[in-house]
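Visitor: First the structure, then my questions, so here it is.
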Amino acid sequence: MKALATRVLQDVETGAELVVSMVAPEEMSDGVWQCRFCLAEPGVVAVEERGMGSDAFQALALALEGIRVRLSERSRSLTWLGMEPGLTGFHRVNYAFGRKIVDELEAHIDRRLEEYAAECAAGLHGRPFGAP
């Protein structure tokens, strides 16, 4: 995997490194685009994942969201460039605001998305984008 971008995160408690890497989006034979990414750490088998999209920008955006989700699933507190623990630069809200505001706004986004999903399931918003 030839990386388009790489970022090294550190575990706040142990100093162990976690390397996040991503390749450039590429179009597959069926016209769908993919952007592969990987989270790798010493002693752990890295699993390559991908964001898929209808064009290169969507695949890239979904790969970045995939990285954010995978990092949020980890129980360890990671940091980038010695910033506040938990700030990795992979957030929906700009990390420059600080961890408190980032956490508050992202929790609000999560709650609203859950509400919207329930509303969609109840048929309150018509057909989803791209649905036949």
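The values are calculated or read from the model by the stated rules, or taken from the named source; none is laboratory data. The structure presented is a predicted model; accordingly, all values stated were derived computationally and were not measured. All accessible areas refer to the heavy atoms of the entire protein, side chains included, with ligands and DNA or RNA removed. Shrake-Rupley method; radii C 1.70, N 1.55, O 1.52, S 1.80 Å.
Visitor: Assuming a ≥ b ≥ c are the square roots of the Cα gyration tensor eigenvalues, decide whether the chain counts as rounded (a/c under 1.5), prolate (otherwise, with a/b larger than b/c) or oblate. If you can, show how the numbers build up before the last one.
Guide: Working: a/c = 2.38, a/b = 1.23, b/c = 1.93.
Judged from the Cα gyration tensor, the chain comes out oblate (a/c at least 1.5, b/c at or above a/b).
Visitor: Rounded to the nearest whole Å², what accessible area per residue is found for the chain with the 1.4 Å probe?
Guide: On the way: 8560 Å² over 132 residues.
I get 65 Å² per residue for the chain.
Visitor: Can you list residues whose amide H is under 5 Å from residue 16's amide H, if they're 5+ apart or on another chain and H is modeled 1.01 Å from N?
Guide: It is 11, by chain and number.
Visitor: Working with all protein chains in place, sort 47, 102 by solvent-accessible area computed with a 1.4 Å probe, largest first. Kindly include the intermediate steps, with their values, before the conclusion.
Guide: Working: 47 95, 102 0 Å².
Solvent-accessible surface, decreasing: 47, 102.
Visitor: Between residue 111 and residue 55, what is 0.36 nm times their sequence separation minus the Cα-Cα distance? Round to one decimal in nm. If you can, show how the numbers build up before the last one.
Guide: Values: separation 56, 0.36 × 56 = 20.16 nm, distance 2.85 nm.
Full extension of this stretch gives 17.3 nm more.
Visitor: Taking the alpha-carbon centroid of each part, what is the distance from the range 1-51 to the range 73-102 in angstrom?
Guide: Distance between centres, Cα-based: 18 Å.
Visitor: In addition: Roughly how many percent of the accessible protein surface of the chain is carbon and sulfur, given a 1.4 Å probe and a whole-percent answer?
Guide: Accessible surface attributable to carbon and sulfur in the chain totals 58 percent.
Visitor: Here's something else I'd like to know. Mind grabbing the accessible area of residue 52 for me, 1.4 Å probe, Å², rounded to tens?
Guide: Approximately 70 Å² of residue 52 is accessible to the 1.4 Å probe.
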